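Working notes, structure below.
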Amino acid sequence: MVKSPVAPASIRLLALDIDGTLLNSQFHISDADMAALRRAREAEIEVVLVTGRRHDFALPIAKQLEFDLWLISSNGAITRSLAGETFYRDLLPSETCRALCRAMLEFRGNTVLTFVLEHLNDLENSIRRWLEKNMQYIEFVVPIEDALVTDPVQAMFCGPIGRMHEALAALRACHLAEQITVLRTEYPIRDLSIVDILTQGCSKGHALERWAAFRGVPREQVMAIGDNYNDIEMLAFAGYPVIMGNASEDLRSRGWKVTLTNDQNGVAAAVEPVLAGAGVGS
């Protein structure tokens, strides 16, 4: 369903995905996007980054903006400030995670518990860059469920898109389907898919709704920008949803406003009308 247009001048909260949205294909924030976000903040529009990354991996990106903000990380599981103050944590019960590991034995080589692995054999080629960035945080445990001494943030399955479609089918048929949230992120150019398993009712959209309520901002005054399948709930919640031009055709055909790609300053192109509507000059 296409949402009714929202007056740009009424936006008070801007929720922004990181990878494929704020970051271009070189994993940089463009000068134009940076400037637009800083002007939005000066116009008293709150900016919150909403990402599938863990908090520590998103921090260096957030700090580049050079203004204070909050991060919704791990696809909605953690909401925390730049200074480390935690607003909310939505963890996956360890018993549910153990049952998941048992039910998904066929995909054990693709399984990650944040951040515990059994081995790298099935993961190294598909997520090499992610491994390089996170190796200092990764522990190897066999069997992997022995690492569950406390509730994890999430479980993940990573690998080629075709293989992860098989995992998604297995998860849909799993007896735990009603106890978990399954979110996917796909990068066709890299033939990489990440399937995140969170506790039931946890997503970027749920976390954004909770944060907006805490801030006293109605959904009609929330703008969200994203590019991937794990952004769907966030975009569906926002009164002013914008999908990136580099998103898949499936996502771009859902009736949301489409901006330019992440290599064409798509964030700035989406935010500029809001600033113009609010009477903010460039």
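The values are calculated or read from the model by the stated rules, or taken from the named source; none is laboratory data. Since this is a predicted model, take the numbers as computed values, not measurements. Neighbour counts are summed over all protein chains in view; Cβ atoms, including those assigned to glycine, are modelled from backbone coordinates with ideal geometry. Heads up: the accessible areas ignore ligands, DNA and RNA and are worked out on the full protein's heavy atoms, side chains in. Shrake-Rupley method; radii C 1.70, N 1.55, O 1.52, S 1.80 Å.
At a glance:
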| item | result |
| --- | --- |
| So Gly239, is it open to solvent by less than 60 Å² (accessible area, probe 1.4 Å), in contact with a strand residue (DSSP E or B) (Cβ under 7 Å, 6 or more places away or on another chain), more than 25 Å from Phe27 (Cα to Cα) and of a type outside the set (Phe, Trp, Tyr) | yes |
| Residues of the stretch 89-105 that turn out to be in a loop (DSSP other than H, G, I, E, B) and either under 12 Å from Val153 (Cβ atoms) or out of contact with any helix residue (DSSP H, G or I) (no Cβ under 7 Å at 6 or more places or on another chain) (or both), as a count | 4 |
| Qualifying residue in the stretch 81-88 (condition: under 26 Å from Pro273 (Cα atoms) and either in contact (Cβ under 8 Å) with a residue 60 or more places away in the chain or part of a loop (DSSP other than H, G, I, E, B) (or both)) | no |
| Single residue of Val222, Val258 found to be touching a strand residue (DSSP E or B) at 6+ places or on another chain (Cβ under 6 Å) and within 25 Å of Ile78 (Cβ to Cβ) | Val222 |
| The stretch 208-226: number of residues that are under 25 Å from Gly245 (Cβ atoms) and either open to solvent by less than 10 Å² (accessible area, probe 1.4 Å) or not charged (D, E, K, R) (or both) | 7 |
| In the stretch 163-195, residue nearest to Met244 (Cα to Cα) [restricted to those that are basic (Lys, Arg) and surrounded by 14 or more Cβ atoms within 10 Å (Cβ to Cβ)] | Arg184 |
| Residues (free of Cβ contacts under 8 Å to residues at least 60 places away in the same chain and among the hydrophobic types (A, V, I, L, M, F, W, C)) located in the stretch 168-186 | Leu168, Ala169, Ala173, Ala177, Val182 |
